[in-house]
Every structure is written in C-alpha cells, then in structure tokens.
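Heads up: the structure comes next, in structure tokens.
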C-alpha cells in the first residue's frame, strides 16, 4: 500500500500513518521527496486491508494498493492451474468443456431432447434452471423442486453431469442433491450469505461474474467460496454492462487472458446471456475458445419459439450441432479438443 | 409493443405474430408501409410480457416496448405521491427527511453519540448496519444480532426511528424486531428471494438502487415488494458505476426528476456511498435537496479515523452539524423544510 | 510514480528501473519488502511521464501514478481560483453566471427574442451555435458564417457577451471576430489540433468535457489550452455516457466538488445536453447551483416545437423565466447571486 | 418511427403529429388502443429524421425509432460485402489482413526492421503514426512530415501498402501522398470537419470506432465518409470504455457479428490499443480472427523498451512472428487464410 501525504504536512501526521501500519504488523518505508512524503507499507496481507484504513488519517492525500484485495484465488497464492473434476469431466484441462441446455427447465420431453443432443454432439454437461431469478415479479419463476427432479432424471438417463442455479442460502442442500455443479448467478455474485453457504457445501460451484463487477471484485467474491474450504471453484464470464445497445451485455473477451494471468481457477464463457441473440452466439463462442476459455455455456432449446424464458438467445438443436463442429475445428487449431 | 417485421416476409409470418398477441389477450393493429410491416400490439399489460415472446418468431426484425415493464411502482398506476409514515416521521411529504448514522454499528457509545446528534440537529432517522455485506471475506462483517440490540436501545433512548439492512431472507423477522425501516442494499436489489420476504413483511422498506441497474430495473424490483402487498416502499439513489474514477460511484442526479416523473414512490439520496469521500459529500447532498429528493442518507461517525467500515466517507458530528444548517437553508429556498 | 517489481527478480532489473528514472532527472528510493521490491520515483514532473516508460521494463509488475498527469490546470500549480472576465461579466466569482440561448442560430427574430429574455431575466451571456457538429450527415449543419453575423448583431443590440462553438482549427480567427467566448465541444475535447489553435488565440474559451472522458483527462486537455499561454479557460460539465437510458447523458454532479478540489478553473454546468429533455432540466440546473457550479448553460428557444436542432431539451422563454426565479432563490441560500 | 401519445390527449394533438409526419413525406397509421394512441410513421427515410422532431410536440409521451439513423453503411442499402482494394491487398475477402507496425514512427532503422518482419511473416500492411494525438501536451507528438517521408521510403523498399493517421482536415492531401490508407482515429470519429475532407479525398480510409460510441453512431459516422462519395471505407473496432480496470479498453468482441449483420463494410480489429498490454494481445487477436474479423491491427516494435509511445502494448518482432503462426492456424480452421 502506498500512502501519499499532502504537501506541507507535519511530522506527527506521518507518524500516525506509520503507527497504524505497524500496529497491523506491516513494514514501513518512508520516501522523502522534495515535494512530498510517500510512505510504502509492505507485507503479504496488505491487500486484505481496506485503503480507507489509511486514507482517513489527517494529512493523507491518497492511498494506492499494490497488492490485490483477493488472495486465495490469486496465482501468487497457487501457481499451477486448478482442475475441477465432475464425474469423468475435468474442467480446466486440455478439453474445452461445453455445457448446454435450456435457460429454464420446462418439462421432461424438452430436457430429454437436449440430453440426447449433448450425448450426440460431444458436449459434456447439461445445464437448466429450476429456480429462475427474474427481473419482473410477473414473469415465470421456474419449476423449482419439480425442475430439480427432472434434471436428476435426465442426468441418470444419459449419465451426464448437471449444473443448475441456487438462489437462496437455505436451498443449497436441496439443490446439491440433484446437481453436480451449483451455479451462483450474476445477480448474486455479491450475495455473501449465499456464497458462504455454497462455500461450506464443498460442492463444485460455478461463480458467474456480476454484470457490473470488475475482475478484481469477481476474484474477491471467489475468495468467499475458497475461504470456506471449497476448492472446486469455476469462474464464468457472461458479459458486462456497457453503453453499447446492440447486445444485452458486452462479453469481456479480455477477461480470459486477464483471469489466466492473475488466477489459477478454470474459466467458462457464456455467450448466450452476453449477446442475448441466437444469431450472435456462434461468433462469440468461437472467439472465447480461440482466446483460451476452458469451456462454453450455451443455451439450447428444442423449440426456442415456445421457450418460457430467453428463447431469443437459445440455439436450436440443429444450430447447436453445427456450432459444435466449428468449435471442434477451432479447439484443434489451438491444440485442445472438445 | 411494436413488432417490426423484416423486409420481404410472407403473410404467415405476420399471422403468427398476430396469433400470439391475440392468445395473450392483446389488441393488434397492422401498419403496412411500402418497405415494411409494423405490428402494434396494444393493451394495458404488454409491459409485463418479455419482448422475446415476439422477437423469437420467424420474420421478426425487432421488438420495441411502449409500456414500461414495471406496473405497481408507476405513476400511471397511482397518480398521487405515496407517503410512508414511520412513527411521527413522514417520508415523501414537505419535510426533507435526513437519515444519519455510522456505516456499521460498533458499540453503544458510538451509537449514543450519533443518536444525540440526530436529536440536536433535527435529523429524523438513525441508520446503522448490523449485518454488513462486505466485498472481501477478510473484512469486518458487522456485529449482527448484538448490533440489532444496540440499535433498539438507542431507538428507545432517543425515541427516533431506526433503519438497518437485512441481507438474508430468513432474517427478515429478526431484523424487523429492532428496526422501523428495513433496508435492501444495492448488491441485493435483484435478490428476488429477499425481496419477496421483505414484501411479505409489510414493514416500511428502503430499496437501494443496484449500482448498475437502470431506473426501469429499479422500479421493476420495487414491483416485487409491492406485488406482495407491501405499499411502504421508499427508493434510495446511491450512485451508479461509470468509468469516472475520481469517486466511488457517480450519483445519478437526474434520477431524481426521472423518478418523480415515472413513479409515485418517495426517494432518498445517499451521497456518502456515492462519492466515498467526506470532502465531496456536502456538495452532493445539497444538490440532491435542491433537485427535489425527499430525504438524504448521510454517514456520520463520532470518530471516522477509528471507524471499522467506510470511515473515509463519514462526516464527523461537527461537519454534519454544519451541513444540516446548509441543507435547511436550501430546503427553505425551495419551500420545503428539514 | 510507484514501480512494483515482480517476485524473484534480480538486481539488474531493479537497476534498469533506477537508471531510467535517474536519466529523466527523478529521485529514486527503494523499498525492500520481504515479498517484493517497490521503487518510489519522486519529482515534481513525474505526472507528465507516461507510466509505460517504466511498465515496459523487464521484471516490472505494475506502475502507479502518484502525481496527476495534468499540471497547469491543477490547484497544486495555482492555489487561488481563476477568474475569467468577459466584458463586465466575471466567471468564477460570487455571481452564478447563466448562459442561455438556442442550440442552433436559426434567424434574427429567434435570436432577438432570446437576447431580450436574457436582459429581462438577469442572465449574463447569449449562447447559440453557428457551426453545428451533427451525428448524421443528413442533419442541419448550422448557418455557419451567416449565423456568426446574427450573433454579432444581437450582441451589439443588447450589449451582452456571446459564446459559440468552433469546430475547425482554421476557423478560430473567424469565430473569434463574432464571439466573446469560444466553445470547444464535447466531441472535440481531445481534438488536439483544435485545442492548440484555440490556445494560441488567447480568447476566453469554454472547454466542454468529453462525454466519456474522466475528470483527469479533461483537466489534461485544459493543459493544452493553458500550455499555449491562454489562461482564460472555463470548464463545462455536460454529462457523461453511462448505461442509464432514461436520459441522454448522466450529469456527473460530483464533478463539481471534484473540480473545485483539484483545479483552479471556473466551472459551468449544462443540464440541457445532459438530460436531453426540457422536463428534467430545471431539477438538474438547481442541483448544479446548489453544488457550487459557477454558472449554468441553458438551451432556450422562443418556439421549441419548431427548433431545427434539439428542441426537446430547450425551455420556452416562459419556462426559462420561471427557472431563473428558482435559481436566484437557491443562489441566495448559499450566499451567491445571479 | 413510433409515436406514443400520453393518455387523455385530444384530437388536435394527434393531428399535429400526423400533419408534421405528412409534411415530411411520410405515411401515417393510427393505432387506437383502449389506453393510448400510438402513431406509426412509415417511410424509407424516417431513420434520418431526429426523434425530437416529434417528441417535442404537445401530448407526445415517447418516440421510438424503427429505422436505423445510418443509411449508406447499412446492409439494407447494399446487400453484398464491400471489398476495399489497396494495391494487391484486398480487405473484406477471404484473406485475413494483418496490419502491423509501431505506434509512432521514430526513425528509419525502426521502420525498416518492421517492414522486413511484415514481408517475412506474411502480414499485409505497414502501420505507423506520424501525427500522434496525445492526451497530454507534454508528450511526444510525432515526427509529422519527416515521419511521412520515412513511411513512404519503407513502402517503396518493401512494396507494401502503408496506413497512417490524419488529424487535421487541412492535412488530408499531404498525408494521402505518403499513405495508401488514411486512418481516422478514435478521438476523431465524430470530428465531422475531418470526416468530410477525408470523404472528399476518395482514398481508402479506416474509421476507428470512438471509444464511447455505439455501433449505431459509428456506422452513422461512416455515412459522413460515404455521403461524400468515398466508398473505400474500412471499420476498425479498438475497444470501448467500460468500468473494467484490468485493461485500457474493453474490446467489444460482439461488435464483429453485429457489424457483419447490419453493415456491408469490412472490419479490422485492434487488440493492441484495446488491451494496452502486450501479454494480453495474442489471446484477443486470436479471438477476433475466430469471430470473423477481416483483419487485425497489431503494434509491433523492434525494441518496445525504448519505444517513444505505447511500448507496453507493442509486441517484439519475435513475439509477433509466433503470433502470426497461431493466427494462421485459426484462420485455416474457419476456412480463411492470412
């Protein structure tokens, strides 16, 4: 942490910064410029201390972090890539893992058709929402427990892992019965009560990026899961809110190399929620694979015209089959496979 | 809802849009331009239907909402201003209601000093957090139940209403015992499990705007509370995330006249969380009162240097006292009072 | 400038940073933590050196500025407030200066009516565009030289100063003949060829903030004007681009105290271009005055329904007259006047 | 254009909207809902009329565009892809065109080394800035005319086309002597005086997206070039300003399929200015090719450590050579070549 003092301050003000730093167990070095005093506060845990701790002291002009505020999710903490194993599917390795399925679980027929397509195309995981967080209280909110039962059934029939969202801290156990991977949605990335419970469950969990969260905040939220002892954490980039209005959210493609640089956690990309339109999904999916994502989350629906939720961003099974062929070709060109 | 068809589509495609609209109980009118067919779908509840319902049909180029997606929070639904009464304090009337207190409840002495300042300055409500949603798992998370007890004690001593945040849907009843107004925080604006429970409680509730939510999404979230039968809803603007880096969040000053135009709900403004720095709070607080806010939420701490949370954005009691005098002068100039 | 080195780097890498800093005339202090080496580079002009100068060297993890990149516009460079005098109108003093007029100059009758309203309401400066930068090539582009002549005529008739925009570096002299204040528009804030010419002209100039520029970039652009020896610089906040879609641009209300803290230059606020809608202008104008703006720029048109440009954000003369009374009341409450 | 009237308006207000629409040559259809009147205004050129034209009329609630505001750049105007030919290099065809070179031209040796690398790696075009728009007046502003001469020399030596930026409308002819493609930079995307002159020149031009411009505004700016009769227009996506702070700008990857859907113009992607860091450039470059970009603009410098401008985002020649091999592999996997 670097504390820049205002011009013309007195010795006592410098001293109060130094004392506070020492009381927290940090080392301190003073840099006396002709204009200004700059205090370097050093130590492995300075990232976990809020900058306000020093900014609030008299005579301080500004405080700048050197260490990142996240710790357990950082590559400095763990150098090698983390791998998450879900049954026979490994996430974070050489295989690019495709997760596919409808936004919301609607009925058995729908889910069976998608399960079959997953098997046939070489996708790895079935996705489907039973609890649906919806912007409006007047929209369809999901089949809830009945939806979980359908997911469990399709999982068994096709022997494929299932991912589904949990929205209430008190439902974690319930959802964990039917799902192999728990999903924490974008709107809940900083729902700390939920993160704590999911962390305690020790189940594989996919943490979607808040649509207005920085990469730093996202990795700090991952620390909530990791701090509870859950090491099975997968990240999911799903687009951020920007001024651009031709799409729902702008997929942050550079978050892929940024995450790979600063974190050891595997990263999935969701082009469906980002773009919001089926015609834009394939190009963005291909980009994500080429940029080094460890997997893709794609909305697929046997009949998007009749989907209860987000039909516009869903691929048909035939479009999805075509896209899988293209993704395989790209994966091969960068020495990975699907 | 306006459905623009692509050029050169056939009659069946128009027909499928018409049929779907009629099946939902809407009226339909066709506009046949030389270039394009544009279909107007009319009816009081079109705002509650997702645009995807039509966008997903073949031959559709774009779908545009005419009606807003929120309903109960809208001024079209209820023309006159809503008033929320908390003890003898009325929010939404001629009085500009000042809510003040520390970010986090720390101890009895701290809270008593603030309670005294509230009484002496003419502020109306005591704020203080017992459950603190924190970005990092390594930060102080609040005194929780012990904090609620301190709030209850100060409330009784000074006979002032108390507002505090609830973060878990299962804590609503607990928090409602010690607080007059429940606060739903910015990061939970779309935590629909929480909104539903708070809505059911029928207690006055202040819904903070998500820091990346549009005004439309914010009012749609308010519909969750109103749809459960809770009419005691107060809105709180607290700044939005932008590219500007001189402050924490950019207070959206124009949201004040926008909310007044489109909604009947009272609106409080929080300059402390927006700016993040005590030196910027007074100017923004004064702006909010001049622009027509129904109240202000200000962080005040007897000793910001030792605050456990957000000391940098807290005013001292003497700075707060000075600001109150300035706010009273501005309130008077626009024919309101504090 | 603070240079954080990567872990495990060798002495030579530290040395190359030190050598480069010294070659630029800076002082250097090393901070050897147990984990990392952090190098403080000190000196009054470090703000004018790009961070890349050091970031590009091997072994460097990150580089953080301490000094701001702007210099001449900063309050550190000049402590007291700058005043710009235009005829008998002083900008930056106790008077809140109201500049009013149509977006585009259309004809003599229009401009005369506005000139009369300025005189009668106590506004100070006439605004009106002769050269109009328009988003689409198919829109009205302004009366150009004929517009300048009309401005000059009204200026003489009512003896009021005139502000108008210049868009081409080669038109500066031409525009300066008819205008007392040159305006550099938002889209040209980083048109450095234009800034340089306007700087050379030594005429009072109002620099509008780029709608996606940080305060820091804005003040750095002001340095272009000041570096050419033009000290007559006025800033104008006109809203920034955010995700919020209920208005055109989000007026950055906190830029007012931020500018007052970091710069000595006077600041005008334009609520018309920010909000884009006449019904929202008064609330935001009042907020700006209460927050400490040195003036307001308001679009006024005798007949907004027939305006060639931006009629929707223009006030009628009667609405403007009512607003002036309200602004005077607020100015008085903060011990200023209009 | 769809005009929604307020509730309870009278016939005359509807009539004034109808009259104005008819006076502009448009067709009108009324949609009388039980709640509201909605007026559809139809005709091929409604996109070129500002929405304010109707929004300003009494009784109007809102106005929504159906037609896009751009025309000549749209795929509706021209269905087949446009190709731009520069010598033997075709942009917009099956070849993915790589443009490479330093941010700023510094000296002959530097430029010759890059020219050689272009030849050897199969890149197509040399880039290099002679006029540099810089944020601060204290930064290096480019070699100007001497830089143009160096570009011309390397162009001749290696027989490769050259692209360079023009910043002043009065320099267009001068720059066109030394360059095959004129570049309009991001900060000048809405410098309409410059666009008009470049449009008149009829030279191939690459229009970089303003870093805070929507795709719609970008294509409308392209209309300025096309309206002057210059059909040789290339677009360049270079990242947009968002809240994310791990990179300089967030490359808008979905702009690639969006542009391909709505426009016939070829599209180049610049990962160097977007990310601002050499370690992030390769992943984003690969993503852009996979997503369907027609080319890539990469900053390459023989010695980035000593670069005068933007060294941090420049690849060394050996890094660039490695990236070219990877890009070729990806291009092949999507049936294109480099």
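The values are calculated or read from the model by the stated rules, or taken from the named source; none is laboratory data. This structure is a prediction, so every number in the text was calculated from the model and none was measured. In this analysis, Cβ positions are derived from the backbone assuming ideal geometry, glycine residues included, and neighbour counts consider all displayed protein chains.
Things worth noting here:
- From the list C:118, C:66, the lone residue that is surrounded by 16 or more Cβ atoms within 10 Å (Cβ to Cβ), more than 14 Å from every other protein chain (Cβ to nearest Cβ) and in contact with a strand residue (DSSP E or B) (Cβ under 7 Å, 6 or more places away or on another chain) is C:118.
- When segment B:38-53 is filtered for residues that are farther than 19 Å from residue D:63 by Cβ and touching a helix residue (DSSP H, G or I) at 6+ places or on another chain (Cβ under 6 Å), only B:52 remains.
- There is at least one residue in segment A:224-239 that is out of contact with any strand residue (DSSP E or B) (no Cβ under 7 Å at 6 or more places or on another chain), in the same structural domain as residue A:104 (by TED's automatic domain parsing) and in contact (Cβ under 8 Å) with a residue 60 or more places away in the chain.
- Screening residue B:18 on (1) surrounded by fewer than 21 Cβ atoms within 10 Å (Cβ to Cβ); (2) in contact with a helix residue (DSSP H, G or I) (Cβ under 6 Å, 6 or more places away or on another chain); (3) more than 8 Å from every other protein chain (Cβ to nearest Cβ) shows it passes everything except condition (2).
- Residue in segment D:166-180 that is modelled with the lowest pLDDT, counting only those that are surrounded by fewer than 23 Cβ atoms within 10 Å (Cβ to Cβ) and closer than 13 Å to residue D:127 by Cα: D:178
- Matching option when the condition is in contact with a strand residue (DSSP E or B) (Cβ under 9 Å, 6 or more places away or on another chain) and within 17 Å of residue D:122 (Cβ to Cβ), among D:330, D:317: D:317
- Considering the conditions (1) more than 30 Å from residue A:122 (Cβ to Cβ); (2) within 12 Å of another protein chain (Cβ to nearest Cβ); (3) in contact with a strand residue (DSSP E or B) (Cβ under 6 Å, 6 or more places away or on another chain), residue A:103 is excluded by exactly one of them, (1).
- Reported count of residues in segment B:21-40, each being closer than 29 Å to residue B:223 by Cα, more than 9 Å from chain D (Cβ to nearest Cβ) and crowded, with 20+ Cβ neighbours inside 10 Å, is 2.
- Applying the criterion of at least 3 residues that are more than 14 Å from chain C (Cβ to nearest Cβ) to the strands (runs of 3 or more DSSP E) found wholly in segment D:134-225 leaves D:162-165, D:181-184.
- Only one of the numbered conditions (1) more than 8 Å from every other protein chain (Cβ to nearest Cβ); (2) surrounded by fewer than 24 Cβ atoms within 10 Å (Cβ to Cβ) is not met by residue A:237, and that is (2).
- Evaluation of residue B:251 against (1) outside the structural domain of residue B:117 (by TED's automatic domain parsing); (2) free of Cβ contacts under 8 Å to residues at least 40 places away in the same chain (one fails), failing number: (1)
- For segment C:5-14, residues that are within 25 Å of residue D:276 (Cα to Cα) and either in contact (Cβ under 8 Å) with a residue 60 or more places away in the chain or more than 12 Å from chain A (Cβ to nearest Cβ) (or both) total 3.
- Counting only helices (runs of 4 or more DSSP H) that sit wholly inside segment A:252-338, those with at least 1 residues that are surrounded by fewer than 24 Cβ atoms within 10 Å (Cβ to Cβ), within 22 Å of the chain's Cα centre (by Cα) and more than 9 Å from chain D (Cβ to nearest Cβ) are A:271-275.
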